[in-house]
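K.L.:
Questions regarding the structure given below will be posed in turn.
The values are calculated or read from the model by the stated rules, or taken from the named source; none is laboratory data. As the structure is a prediction and not an experimental result, all values here were calculated from the model. Here the Cβ positions follow ideal geometry from the backbone for every residue, glycine too, while neighbour counts run over all protein chains shown.
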Amino acid sequence: MKTKSNFIYVWVLFLSISMYSHNTMGQTANSSADYPGIVEFSASESSANGLVYEIMPGPSVINPEMDPTPFSDSINMSSGSFSIEVADIDPEDSMDSQDSVTSVNILFMGNDGRQYKIDKIMIIHKPEGAGDHTFFGGVGLNKSMHGTTGIGTGLMPKMMAYITLWGLTDLKDANADTVIASNRIIHMMVATNVRNEMKLDTNVVVDRSDYNIRNAHTHVILPPLNMAGEMDPIPGTDHGFLHMMFEKPMLMGANKDWTKVYEILPGPAVMNPAMDPTPFSNNISIAAGNYEISVVDVDSVDSPQSMDSVAYVNINFERPNGDKFMIDKIMIIHKPDGAGDHTFYGGVGFNKLMHGNTGIGTDLMPKLTSYVTLWGITNLKDENGNVLAENRIVHMMVGSRVRNDDLMMIPSGVVDSSNYDPNMRETHIILPPFDMDGNMDPVPGTGHGFLHLMYENVNFETSPNAVSQFSANDIEVLAYPNPFKGSTIIQYQVEHESDIKVTIYNSNGRVVQTLVDATQSPGTYKLKFNANGSLPAGIYVYVVNVNGTPKLGKLSLMR
């Protein structure tokens, strides 16, 4: 992927060296959205379509020598319901913490046929200074739990819990409303799914849980231990503990509108269910983030000579477990001459009819009007700017809404589903799991091979017939001597304060050296490129990038 993409990039650069014209007219579009701060849920309840199970005694899946445990793959179908609301007041638990369970109602049937009830939980608090991890104390929201965290003994896989708590409760007979066992320890989590066909994942180091908010699990565990860690079976149960699991609970009490930005997760394509996994499913994860982008559409028909560009981009995205990603540069991919004005796989386009039965002929998203669409190459970075995946294809659209209020995708690819309400715009940012030749090439660092981010209710504006900002077309670049042996000078003049980056590439598209990457004031600049005898003779390319637009030239190194 990297070699091919770089080669295509340099090939385009060579074709473009003498093709630029001055004072190019174009249309500029700007779009942005800002939804900072990760979503936290404080309430949850069971759903009508979620099954209920009891985890039965058996060897621990992760530590089989521990037997019997409530962490086995021995599972019985059960029945029941639950609702809970918590208050997480203090980020770090202590004896003075005000964290609490404000309401709870849990009903379930055990394997002995008895109907159980829990209607009150008193939070356990840890000594001050014990930290913010919720193992054995407090209420926590969006915490990484189990695995190698907490007690250091793997009993369940590493997972992200939307709501987690430890407390004391009275276990009751639901029919008689009498206490069976008082002051029992209770651990409760509303967490991401860690089972596949009811088999527990065994990874305690890497969080491989399903972040699909439609497929969460709620665990209610009453262990056979007392506060001192001594064995203390629960009276009234036939095996000394209880572990109930509720499928597909509903998450409520969000601290903000969680439908503003989210991630589309692997799953069957809504419009082609036989395609699985894809980034076009109804599986979604909550997220936070912001983005800004400014693009210039100069040429109505894309070609290697196109001046279309991304003048500025800054994309930030955070997952519920705290993982953060960023994109701060996009280089537009250009198609061969004669490929037409449809923006599938190349260029920048405004107000194009996209997807559905257009473009590639395979329905993946509904047919809709895209106010801005582009294809480019980018580097995916972590929050500190470290590159996780370089030279990745990126597809971006600011368009009409493709999902209903419940975030289920509109299933039609034939009828134009565009909604031109300015309050219903959304932005898709997709890094697909294949390279420029269509070969599979999963995106490293993502966990599932691709990224599909979605921002709703975005800001958008255009400037028709605007002259693009000062760019590489407005400067003259001179390289001398050329051809050269030891070193050469690249000289250029900046007329207005601009973002300048000067990079040298070899014929394979690899970066040889970056000579400057800074904001520069007006003036004449001379940069020395020294080959130092370490580079082979051949053709090199210099790229002077001015406010997102490149000026290009050849260098010939002699030996």
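K.L.:
Please list, ordered by first then second residue, the pairs with beta carbon atoms under 6 Å, 6 or more apart or interchain, first in segment 506-521 and under 19 Å from G548 (Cβ atoms), second among the charged types (D, E, K, R).
P.N.:
D517/K501; T519/D499; S521/E497
K.L.:
Would a scan of segment 9-28 turn up a residue that is more than 23 Å from I286 (Cα to Cα), at pLDDT 90 or above and in a strand (DSSP E or B)?
P.N.:
No: segment 9-28 contains no residue that is more than 23 Å from I286 (Cα to Cα), at pLDDT 90 or above and in a strand (DSSP E or B).
K.L.:
Grab the strands (runs of 3 or more DSSP E) fully contained in segment 33-132, keeping just those with 1 or more residues being more than 23 Å from A174 (Cα to Cα) and aliphatic (A, V, I, L, M).
P.N.:
80-87
K.L.:
May I pose another question? Check every one of the strands (runs of 3 or more DSSP E) wholly within segment 472-559 and list those with 2 or more residues that are aliphatic (A, V, I, L, M) and under 22 Å from S294 (Cα atoms).
P.N.:
498-505, 538-546
K.L.:
Related question: Looking at segment 152-170, which of the residues that are under 21 Å from P57 (Cα atoms) and hydrophobic (A, V, I, L, M, F, W, C) is modelled with the lowest pLDDT?
P.N.:
L155
K.L.:
Tell me, please, whether a residue that is touching a helix residue (DSSP H, G or I) at 6+ places or on another chain (Cβ under 7 Å) and either in a loop (DSSP other than H, G, I, E, B) or over 16 Å from G137 (Cα atoms) (or both) can be found in segment 166-181.
P.N.:
no
K.L.:
Additional query: Which residues, counting only those in segment 253-296, are of a type in the set (G, A, S) and either without any contact (Cβ under 8 Å) to a residue 24 or more places away in the chain or more than 21 Å from G376 (Cβ to Cβ) (or both)? I'd like the intermediate steps shown before the answer.
P.N.:
Taking segment 253-296 first, the residues of a type in the set (G, A, S) are 253-254, 267, 269, 274, 281, 285, 287-289, 294.
Scanning segment 253-296 gives G253, A254, G267, A269, A274, S281, S285, A287, A288.
K.L.:
Scan segment 400-415 for residues that are loosely packed, with under 14 Cβ neighbours inside 10 Å and not in a loop (DSSP other than H, G, I, E, B) and report the count.
P.N.:
Count: 0.
K.L.:
Whether any residue in segment 319-329 is among the basic types (K, R), free of Cβ contacts under 8 Å to residues at least 60 places away in the same chain and part of a strand (DSSP E or B) is what I want to check.
P.N.:
Yes: segment 319-329 contains one or more residues that are among the basic types (K, R), free of Cβ contacts under 8 Å to residues at least 60 places away in the same chain and part of a strand (DSSP E or B).
K.L.:
Could you tell me whether segment 85-92 includes any residue that is within 23 Å of L51 (Cα to Cα), within 30 Å of the chain's Cα centre (by Cα) and surrounded by fewer than 19 Cβ atoms within 10 Å (Cβ to Cβ)?
P.N.:
Yes, segment 85-92 contains a residue that is within 23 Å of L51 (Cα to Cα), within 30 Å of the chain's Cα centre (by Cα) and surrounded by fewer than 19 Cβ atoms within 10 Å (Cβ to Cβ).
K.L.:
Is it the case that some residue within segment 387-399 is outside any strand (DSSP E or B), closer than 30 Å to M307 by Cα and either not aromatic (F, W, Y) or not assigned by TED's automatic domain parsing to the domain that holds E263 (or both)?
P.N.:
No.
K.L.:
If you take the residues in segment 196-235 that are over 21 Å from the mean Cα position of the chain (by Cα) and small (G, A, S), which one is farthest from P64 (Cα to Cα)?
P.N.:
Filtering segment 196-235 for residues that are over 21 Å from the mean Cα position of the chain (by Cα) and small (G, A, S), the one farthest from P64 (Cα to Cα) comes out as A228.
K.L.:
Could you tell me which residue of segment 95-119 is surrounded by the fewest Cβ atoms within 10 Å (Cβ to Cβ), considering only residues that are charged (D, E, K, R) and within 22 Å of M77 (Cβ to Cβ)? Lay out the reasoning, then the answer.
P.N.:
From segment 95-119, those charged (D, E, K, R) are 96, 99, 112, 114, 117, 119; that's our starting set.
In the following step, the residues that additionally are within 22 Å of M77 (Cβ to Cβ) were identified as 112, 114, 117.
Working: D112: 10, R114: 15, K117: 20.
Taking the candidates together, the pick is D112.
K.L.:
So is M227 under 13 Å from M156 (Cβ atoms) and either assigned to a loop (DSSP other than H, G, I, E, B) or in the same structural domain as D173 (by TED's automatic domain parsing) (or both) or not?
P.N.:
Considered against the rule, which asks whether it is under 13 Å from M156 (Cβ atoms) and either assigned to a loop (DSSP other than H, G, I, E, B) or in the same structural domain as D173 (by TED's automatic domain parsing) (or both), M227 comes out as no.
K.L.:
Condition check: closer than 30 Å to V190 by Cβ, surrounded by fewer than 20 Cβ atoms within 10 Å (Cβ to Cβ) and more than 18 Å from the chain's Cα centre (by Cα). Does P304 satisfy that?
P.N.:
So P304 does not fit the description; no.
K.L.:
Could you please find all residues in segment 497-523 being closer than 15 Å to K329 by Cα and of a type outside the set (S, T, N, Q)?
P.N.:
D499, I500, K501, V502, D517, A518
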